[in-house]
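The values are calculated or read from the model by the stated rules, or taken from the named source; none is laboratory data. Note that this is a predicted model, so its numbers are computed, not measured. Here the Cβ positions follow ideal geometry from the backbone for every residue, glycine too, while neighbour counts run over all protein chains shown. In case anyone asks, the SASA skips ligands and DNA or RNA and just uses the protein heavy atoms, side chains included. Shrake-Rupley method; radii C 1.70, N 1.55, O 1.52, S 1.80 Å.
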Amino acid sequence: MRTLDGLLDGYRPEDDTEAGDLARLRAMLRAGVDPWSRTTALHVTVTSVILHPPSGRVLLRWHPRQQAWLLVGGHADPGESDPVTIALREGREETGLPDLTPLAGSGVVHLTVVPVRASESEPAHEHADLRFVLTTEQPAAAQPEHPTATLRWLSIPDARTATSEPNVRQTLSRVDRLCVTRTS
């Protein structure tokens, strides 16, 4: 089982903002706060870029609440603490893809703290979002979790254009570089 501490130990932030986000998460862990608890103002979530390696396309999901094309992911369920297991579960739930696997050797590709606006059911808070790359060999098997959660396969450049979120664009750029590095 992979632990949050173990994944963070091997992670290297790419800029000062990300270093600050990592420091906040480490401080939370040092303080003994449950990083997965949705009752804290900052808690960990897990997101994935789902990649079809032969075509180089990635899967975006329409999020009705945010009115934006985003990545798939979410919160840990009670008792879960392995970030990769959470990523795989969330990916399967939101896409129906049965064969998701972590991209070999990729680990966390991006750590970003994302503000979440208040809703009827919860106050404003922040997600310390760990981002991974999951792969599928069966892109045609993708099925939305519900009718309003449309799924779209796009090239990475088209996915960057489709999303309105700068942090998602940054993640997609990292995945693009990772894919180029692997094929060079």
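Given the criteria under 16 Å from Ser37 (Cα atoms), assigned to a loop (DSSP other than H, G, I, E, B) and under 14 Å from the mean Cα position of the chain (by Cα), does Ala128 qualify?
Here the answer is no, as Ala128 does not meet what is asked.
Pull up region 85-107, narrow it to residues that are buried (at least 19 other Cβ atoms within 10 Å of the Cβ) and among the β-branched types (Val, Ile, Thr), then point me to the one that is nearest to Asp9 (Cα to Cα). Only one residue tops the list, namely Ile86. For region 108-138: of the residues being touching a residue at least 60 places away in the same chain (Cβ under 8 Å) and acidic (Asp, Glu), which is most open to solvent (accessible area, probe 1.4 Å)? It comes out as Glu137.
Of all residues in region 139-184 being assigned to a loop (DSSP other than H, G, I, E, B) and free of Cβ contacts under 8 Å to residues at least 24 places away in the same chain, which is surrounded by the most Cβ atoms within 10 Å (Cβ to Cβ)?
Result: His146.
Residues of region 82-111 that are in a strand (DSSP E or B) and closer than 19 Å to Arg61 by Cα: Thr101, Pro102, His110.
Considering Arg65, Arg117, Arg89, Arg131, the condition of being among the charged types (D, E, K, R) and farther than 28 Å from Gly20 by Cβ is satisfied by Arg89 alone.
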